[in-house]
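The structure appears below as structure tokens.
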Amino acid sequence: MSTIATPQNKPVPGRETEQVRNNAGGYGFTKDLWTRLEDFLILGTTYYVGEDKLTLDNAQAVLDAVAADGVRGVDLAVEVSAARPPRAPKNRPALFVLAAAAACGDTETKQVVKGALAKVARPTDHFASFFGYWKNLAGKPTGNGTAPVIGRAMRTTLSSWFLHGDVDQVAWRVCKARQRKTPAGEAFALRDALRIAHPKADGPARRALFGWVAGNVSDADARAQVPAIDAFLTAQAATHPVDAIDVVRERGVPWEFLAGSVLTDAGVWDALVDTVGMTALMRNLSRMTRLGTLTPMGDATRRAAARLTNADALAKARIHPMDLFLALRVYRAGRAQPNPRAEFQTWSPVPAVVDALEGAYELSFRHIEPSGRRLLIAVDSSGSMTWSGVRSGGVPLGSCHEVANAMAVILNRIEGGNAHVIDVDTSVHASRVTARTNLREVASWSPSGGGTDLSLPFQWARKQRLDVDGVVVFTNNETWAGRPHGRGCAEHGGGGRVAADGGERLYPRLS
């Protein structure tokens, strides 16, 4: 019996309690609770099993963390959600952690949630997601679903969202969206949230805002007290495109302030190119192309590209590299179906916009400092990496293989001459990744297929006598093939300094 050459479909003798069978049939080392929570906050879900099962698994990890140390869990959610540059592509996992802490945490934890909510639930749709998650966890089952049971702690928590920031900041996000849907598809109106929470206004302006949202203060009185409400009402009154363009240029209002009737006009979107937020700009590129706002060699195209390639603006807007990766995939495809019940929308991608999105993706990593270490980067090219239902926070990203190679390209570029990329399945293959590889090339690649043996990068480095400081593996983490477990790492010599113990860190994963 060998503890070194044990097949990966068997646990290492003597370490059975430290390992768990994965979804591909192999055995891997278990991660501690806080590593699981951090993975959930950053990655959302994983790739190899159905999302429903993974949601249940991750929900249990969140509940376990809240029970163990709710304050620590909330602090970690805030850290990941508010990070600049961003650490997570989507905010829903952090909102779920806050909702679980508010529903199941102890008194101290619930107090911390009150101070954290507005930092994590920034716009109304975040607020709606938080409330929907909390309602499902803490509500009372009824014949028509789940009814919220609101106590003093929850009223105070909901109130904090309306009291965080100055009055005009709150009014701005209120006017952008006064109603959104929860993750379960239920309507969530700020008017109802105010009625439940009863926040205490700290002055006449905030009192006017609350009264206006609740329908108890007239438009005239509210706009006299709150500039954001005045801008919103002015924009809503502009029902002709020419008037709407004037309002956008004079008041700098976002597209959500405008009447729906003017949002089919190319000229209105030409004005909005300079005023909408970075996320809104990315989400509406296909619409602007379809309407004729973005055209080859057009002025609006030039301005949009300039905004998309502003590194400081990308960091300030918390644009995650995977947001840009997804935006590039969707825009370049020239077709999308945002509503499954509606027909596909089509457009002809403008090459300058495609180039700007690819440049923005690369710029979004600019704030990452090189590690200064010599890294071997291994991309899993096994058959399971062909899975095209890859999701992060519920958003499809493409195949595991494409995402992994996209990350390898950028890491290779960041580290410069201190990195080397290989492909791995049940053997090691030369990678096509270089510092000059672009995302369009990556999209055309396919994995070699076969099994998954993630001990190979370490064995290969040893055989090649490479002097490396670390091994980075991009994988769906379902290793099962080959004889040695991750203990291949322990056998690596030649100056390598990869930790051999602590199973959950055996194959480091870049967040």
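None of the figures in this text is laboratory data; all of them are computed from the coordinates on show. All values reported here derive from a predicted model rather than from experimental measurement. Ideal geometry is used to build each Cβ from the backbone, glycine not excepted, and the neighbour counts take in all protein chains shown.
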message = Just to be sure I understand the curve: with the Debye formula and one point per C-alpha of the stretch 248-299, what is log10 I(q)/I(0) at q = 0.21, 0.24, 0.31 Å⁻¹?
response = -0.71, -0.94, -1.45
message = Report the per residue volume, in Å³, of the convex hull enclosing the C-alpha atoms of the stretch 133-274.
response = 134 Å³
key: Label point 7 Å beyond Cα of D312 along Cβ direction - residues of the stretch 264-281 with amide nitrogen under 17 Å   = 278
query = How high is the FRET efficiency from Q60 to L233, r the C-beta distance, R0 35 Å, rounded to 0.05?
reply = 0.15
Under 5 Å, built H, 5+ apart or other chain: amide partners of T295 = T301
request  = Taking a cut-off of 20 Å between Cα atoms, list the lysines near K200, but don't count ones fewer than 8 places away on the same chain.
outcome  = K110, K114, K119
request  = Within the stretch 255-344, report the trypsin sites (Lys or Arg not before Pro) that DSSP leaves as loop and that have at most 10 other Cβ atoms within 10 Å.
outcome  = R341
task = Could you tally the net charge around A317, taking each other residue with its Cβ under 13 Å from the Cβ of A317, Lys/Arg +1 and Asp/Glu -1?
result = +4
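Using 0.36 nm times the number of residues separating D243 and R195, minus their current alpha carbon distance, what extension gain do you get?
13.7 nm
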Relative contact order, percent, the stretch 277-367 [alpha-carbon distance under 8 Å, six or more residues apart] = 39 percent
task = Could you calculate the contour length gain from T146 to A280, that is, 0.36 nm times the residue separation minus the distance between their Cα atoms, to one decimal place in nm?
result = 45.0 nm
note = In Å³ per residue, the alpha-carbon convex hull of the stretch 277-367 encloses 85 Å³
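Suppose the chain between R155 and S388 were pulled fully straight at 0.36 nm per residue; how much longer would it get relative to their current alpha carbon spacing? Mind dumping the intermediate values first?
Working: separation 233, 0.36 × 233 = 83.88 nm, distance 4.24 nm.
Additional length available on full extension: 79.6 nm.
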